[in-house]
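So the structure is just underneath, and the comments pick up after that.
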Amino acid sequence: MARVPAYLGGVLLTAAILQTVATESCKASEPRPWIAIRGVYGGVPSQVFDRKQTLDDYGVNAVWIGSGGVTREVVERLKQQSPGLRVFAEFNTMHEAGYLDEHPDAAPVGADGKRCPAPDGWQGVCPTHPGYRRERMEAFRRTLAAAPIDGIWLDYHHAHASWEQAEPNLPDTCFCPRCLALFSKETGVVMPDSPTPELARRLLGPERASWVKWRCDVFTAWVRDFRAILDATRPQALLGTFHCPWSDDERDDALRAKLAIDLIGQAKYLDVFSIMTYHARFGHADDPAWISRQTAWLGRHLGIRGVAGERLKIWPIVQLSDWDEPRVPTSQVAAVLDHGARKPATGVTVFVWSTLHPQWPKVEEMGRFYKAIKP
């Protein structure tokens, strides 16, 4: 076979790459019958209706609204305006900071034995405080009973931390007397009568494996109880979660060791995992493919392939609106949604309507993509 000159080989290679890119771009605008959900998150999209249009004009068939705004009237009106629309609620589990005003003993305690400051303003609550847990369970039940929602998503269901940024702030908590006593009782690990800083060093050192597992189990037990309430109150509804997009080998297993998120443990009780792949916010502004890489990892981790008949589903939530710097350009919208709508994902939703709709060219790009992939 004749040898291709070096300079020509480079030309042919470049042409091949461009052809591959063109092919992928073409496929991105073709129907994706496996994508059942094309959603928007963060408020009622009334601006669409104000334009005398429907959500179907933008390919949208699902919306997520905060549990505080969920009423029967709101849900029924949305479904009348957009037949076939699915309405989901977002429910805050561990970030109801106002509770601490009257219950300061519910604040997370740091390794120094003192109340842990809110990292970057994100105030969490101790996961073993019985009053707080009871209040959240009752609020969850009320939300389910209030309106004919199609599902409810847990949000901020992790330990006291600020991870929604390129450089997360992840304090070690909670070392309150209640947590320490429960840990010892439920694991059988005998703790000496020592000051909290000494106990914390032990739990983060030689007892780290037992401590991490116990904390994860505490948060998983919340999910188990949410599931029981949903099954008793609105069993046809889905239970989902918005959660950190890290894999288990990132940041020294911070997903479990810092945030207390055991995805495999929670999978027993959940229907949908909505991985929060905010590429620009998390330091991947020029790499939308990071979205599909993280989703692919989650699929491998949980054994989800994105095929018909699977109980568990992955519906990523992707960033289109701006959240400080760097911004998401309109030219990137299709690429972001493309990577969010790749298997094992079977749905995709957009963050966040409340700040996206003032940038209407992005909404139009979203609509073009959603309509193109409709089966």
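Nothing in this text is a laboratory measurement; each read-out follows from the coordinates by a stated rule. This structure is a prediction, so every number in the text was calculated from the model and none was measured. Methodologically, a virtual Cβ is constructed for each residue, glycine included, from the backbone with ideal geometry; neighbour enumeration extends over all protein chains shown.
Summary of values
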{"item": "By average C-beta atoms within 10 angstrom, highest first, the peptides 192-204, 138-150", "result": "138-150, 192-204"}
{"item": "Label corresponding to semi-axes √(5λ) of the Cα gyration tensor in Å when calculated from the structure given, among [x] 39, 24, 17; [y] 38, 28, 18; [z] 35, 25, 19", "result": "[y]"}
{"item": "Expected-Rg normalisation [2.2 N^0.38 Å, Cα atoms] applied to segment 156-243", "result": "1.34"}
{"item": "Cα centre as origin, Lys/Arg/Asp/Glu Cβ charges: the chain dipole, Debye", "result": "1140 debye"}
{"item": "Charge-dipole axis of the chain as Lys and Arg at +1 and Asp and Glu at -1 on Cβ define it, positive-most pick from 270, 159, 125", "result": "270"}
{"item": "Value at 222 nm in deg cm²/dmol, rounded to 500, when DSSP H runs of n ≥ 4 in the chain each add -39,500 (n - 2.57)", "result": "-12000 deg cm²/dmol"}
{"item": "The chain: relative contact order in percent, alpha carbon pairs under 8 Å with at least 6 residues between", "result": "20 percent"}
{"item": "Crossing angle, helix 72-81 versus the chain [Cα axis fit, 0-90 degrees, rounded to tens]", "result": "10 degrees"}
{"item": "Projected area averaged over orientations for segment 217-375, convex hull of C-alpha atoms, nm²", "result": "10.2 nm²"}
{"item": "Net length gained if the chain between residue 51 and residue 360 were fully extended (0.36 nm per residue, minus Cα distance)", "result": "110.1 nm"}
{"item": "Across 79/313; 52/313; 114/185; 268/362; 79/371; 114/258, pairs whose alpha-carbon gap is larger than 26 Å", "result": "52/313; 268/362"}
{"item": "Efficiency of FRET between residue 372 and residue 308 - r from beta-carbon atoms, R0 22 angstrom, step 0.05", "result": "0.55"}
{"item": "Overall form of segment 109-175 per C-alpha gyration tensor (a/c, 1.5; a/b vs b/c)", "result": "oblate"}
{"item": "Assigned charges on the beta-carbon of Lys, Arg, Asp, Glu; segment 43-141 dipole about Cα centre (debye)", "result": "300 debye"}
{"item": "Among 219, 196, 168 the positive-end extreme of the charge dipole of the chain (Cβ point charges)", "result": "219"}
{"item": "Taking the convex hull of Cα positions in segment 100-219, its mean projected area over all directions (nm²)", "result": "9.1 nm²"}
{"item": "In segment 64-140, the trypsin sites (Lys or Arg not before Pro) that fall in loop regions by DSSP, at most 14 other Cβ within 10 Å", "result": "114"}
{"item": "Net charge of neighbours whose Cβ lies under 14 Å from the Cβ of residue 131, counting Lys and Arg as +1 and Asp and Glu as -1", "result": "-2"}
{"item": "FRET efficiency for residue 139 and residue 286, using Cβ-Cβ distance with R0 set to 51 Å, rounded to 0.05", "result": "0.80"}
